[in-house]
Amino acid sequence: MRTININGSRFALPEGMSTKDVQALVGFLATLHTVDSHYDYGSSDYMYSLGRHPELRLEDITLTDNAKAKADASYEAYKAKRDAEKQTT
């Protein structure tokens, strides 16, 4: 699956999206800036300023069926193994 990674968050690109359209999307996104928020304790309100440009990466990843359930099961197995090792030490 072709994805675009924006500041660490992945978004799936539509299947069949042309290279030209991907280039246009990335070019447009590269013109944006993040918006940083800063708390003003004197007025109890937020202030905002322009931040940096987003970090953009195109990635090809493999989607896994039932990934969440598999990850949860592997974590439970990991915890059980860790707990068993703690009891033997």
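We did not get these values from a lab; they are worked out from the coordinates using the rules stated. Keep in mind the model is a prediction, meaning the values are calculated, not measured. Reconstructed Cβ throughout: ideal geometry from the backbone, glycine too, with neighbour counts over all protein chains shown.
What do you reckon, is His53 free of Cβ contacts under 8 Å to residues at least 40 places away in the same chain, under 22 Å from the mean Cα position of the chain (by Cα) and not in a helix (DSSP H, G or I)?
For His53, the condition - free of Cβ contacts under 8 Å to residues at least 40 places away in the same chain, under 22 Å from the mean Cα position of the chain (by Cα) and not in a helix (DSSP H, G or I) - is met.
Exactly one of these conditions fails for Asp45: (1) surrounded by 10 or more Cβ atoms within 10 Å (Cβ to Cβ); (2) more than 28 Å from the chain's Cα centre (by Cα); (3) among the acidic types (Asp, Glu). Give me its number.
Condition not satisfied by Asp45: (1).
Let's see how each residue does on (1) exposed (fewer than 11 other Cβ atoms within 10 Å of the Cβ); (2) in a helix (DSSP H, G or I):
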| site | (1), (2) |
| --- | --- |
| Phe28 | yes, yes |
| Leu32 | no, no |
| His38 | yes, no |
| Arg57 | no, no |
| Ala77 | yes, yes |
| Lys81 | yes, yes |
| Ala84 | yes, yes |
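Has segment 59-70 got at least one residue that is among the charged types (D, E, K, R) and part of a helix (DSSP H, G or I)?
There is at least one residue in segment 59-70 that is among the charged types (D, E, K, R) and part of a helix (DSSP H, G or I).
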